[in-house]
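Here's the structure we're looking at; comments come further down.
The values are calculated or read from the model by the stated rules, or taken from the named source; none is laboratory data. Values in this document were obtained by computation on a predicted structure and should not be read as measured data. Cβ coordinates were reconstructed from backbone atoms using ideal geometry, including for glycine residues, and neighbour counts include every protein chain displayed.
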Amino acid sequence: MSIDLTSEQSKPVRKSGWFELIRKEDWWAVWIGLFLVLAGIIFWTAGSSIKVLTAQIPKWTDFPALGSALQGHLGSIILLYLTFLVLFSITASFLHIKTGPFAAGFTLLFIISVAINIFSSWGWASQYNLEAPIVALAIGLIVGNLIPLGGWFSSALRTELYVKVGIVLLGATLPFTLIIQAGPVAFLQATFISVITFLVIYFAGTRWFGLDKHFAATLGVGGSVCGVSAAIAVGGAIKAKKEHVSISISLVVIWAVAAIFLLSFLVKVLGISAGPAGAWIGTSEFADAAGVTAASTFGDQALNSFTLMKVIGRDIFIGVWCFILALISITFWENRKAGTKADATEIWRRFPKFIIGFFAASILLTIVIAATTSVAGRAVINTDVIAPIKEFRTWAFTFTFLSIGLTTRFRKLTSFGWKPFAAFSTGAVVNIVLGYILSVVILHNFWASL
């Protein structure tokens, strides 16, 4: 498998309890995200700001202006690099990734990301809406499919880690009051679409294309809940074959990348406003990273509605699906003498822990803002705390988009036959159509009012 959007490169650790807090990628995404949020709050209480660390590249129209901008922001770029390098290198060491190659690979990834942000800040690029996420993805796809990547560089392409850190940081920019207000609607909409999409993929796979039930179930969850993470978690829970899990991951990635361009194009052509657009992307994308790529091009409102739909509405179902399908697999699909047992703790084991960080960041900033009574004080929080956190989030997502492109191999599309692709694609089409009907037609006013 040449597509890697998972943490599978790290060595598995089977210890449980508190040990998971320092050995699991999800938890490290929480620690990194909350560390940056707390740093922002501490600096603010001390009368300072973490803006100096964020290296925001200003808009420029000519090379003299670019030179002046880079000269003025060189120190911030270096500080940003060192901040991320230290945090991610510490994480790599606990995940059993060799820190030397990782640091070298991340350095190159960071340099490319800086170049992409410089390009996207160019007036000409802004004129044609060449946002950093799309540029990063396009460059990654071209380079990744034409140039062999060294192992030292590949070790730094930690897509899942970067996107999870970005999502935790996203929580700090999304008021918890908004989550309470819109969360139930997002949950119900996501539940309806997820169940329908799973059933379509499963029945198409088993009845139309003759796929194994375990295989069809893994495909179904990958296309209806949380893409790669769900495929891996459910595949393990129901004892699917390793090659079936790999094929499911490949299809998720291929469709997720294609959906970035398809959904972005349709949103622009149909003139859909940001809120409904983000909700549609949240119900139709299969991977957090790909969805963030598409939604971020339409602004913060689209990113907020996407997050409510994808992270709150769909990602939290991973553990529930694992338990339900494991129970079905044991009861109906497997030989009971195998001794496998369905355990309710499977829900917690498979629950995406970075969502806890997302909620914690949201609650933390909401409390800080609520405790500040003056309008001027809240404006300072927005400028000195929330705005820098958004910049950290943007950089984390840029690393994500590059990693997606650099690890995607389209030539693998022909390696697993047409039947799994047909089954998955049937559900993907239903997913996109249902997402449009609910997000843009039925609930348009709700999502537009966020």
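Hey, which of the helices (runs of 4 or more DSSP H) in region 350-450, taking only ones fully inside, have at least 3 residues that are not hydrophobic (A, V, I, L, M, F, W, C)?
In region 350-450, the matching helices (runs of 4 or more DSSP H) lie at 354-371, 387-407, 418-436.
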Out of A387, A422, A396, I need the residue that is surrounded by fewer than 18 Cβ atoms within 10 Å (Cβ to Cβ) and within 25 Å of L170 (Cα to Cα). Which one? A387
When region 118-168 is checked residue by residue, the ones that are touching a strand residue (DSSP E or B) at 6+ places or on another chain (Cβ under 7 Å) and within 27 Å of T307 (Cα to Cα) are S121
Could you list all residues from region 50-90 that are free of Cβ contacts under 8 Å to residues at least 12 places away in the same chain and either crowded, with 17+ Cβ neighbours inside 10 Å or not in a helix (DSSP H, G or I) (or both)? D62
Looking at region 372-383, can you tell me whether even one residue there is surrounded by fewer than 17 Cβ atoms within 10 Å (Cβ to Cβ), farther than 30 Å from W31 by Cα and in contact (Cβ under 8 Å) with a residue 60 or more places away in the chain? no
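Among the residues that make up region 146-158, is at least one of them within 25 Å of L36 (Cα to Cα), assigned to a helix (DSSP H, G or I), of a type in the set (D, E, K, R) and at pLDDT 80 or above?
Looking only at region 146-158, we keep the residues that are within 25 Å of L36 (Cα to Cα), and these are 155-158.
Right, trim to assigned to a helix (DSSP H, G or I) and you get none.
No, the conditions are met nowhere in region 146-158.
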Have a look at S113, S126, S93 and point out the one that is of a type in the set (S, T, N, Q) and surrounded by 20 or more Cβ atoms within 10 Å (Cβ to Cβ). S113
Give the residue, chosen from A422, A448, A396, that is in contact (Cβ under 8 Å) with a residue 40 or more places away in the chain, within 23 Å of T283 (Cα to Cα) and in contact with a Ser or Thr (Cβ under 6 Å, 6 or more places away or on another chain). A448
All-but-one check, G47 against (1) out of contact with any helix residue (DSSP H, G or I) (no Cβ under 8 Å at 6 or more places or on another chain); (2) of a type outside the set (F, W, Y); (3) over 24 Å from V163 (Cα atoms); (4) in a helix (DSSP H, G or I), failing number (4)
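Quick grid of which residues meet (1) modelled with pLDDT of 85 or more; (2) touching a strand residue (DSSP E or B) at 6+ places or on another chain (Cβ under 6 Å); (3) not small (G, A, S):
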site: W333; (1), (2), (3): no, no, yes
site: S362; (1), (2), (3): no, no, no
site: A396; (1), (2), (3): yes, no, no
site: R409; (1), (2), (3): no, no, yes
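A quick yes/no check of all residues on (1) among the acidic types (D, E); (2) in contact with a helix residue (DSSP H, G or I) (Cβ under 6 Å, 6 or more places away or on another chain); (3) at pLDDT 80 or above; (4) more than 21 Å from S403 (Cα to Cα):
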site	(1), (2), (3), (4)
L5	no, yes, no, no
V13	no, yes, no, yes
E25	yes, yes, yes, no
I32	no, yes, yes, no
V37	no, yes, yes, yes
May I ask you to say which residue of L266, L270, L308 is among the hydrophobic types (A, V, I, L, M, F, W, C) and either modelled with pLDDT under 85 or touching a Leu at 6+ places or on another chain (Cβ under 8 Å) (or both)? L308
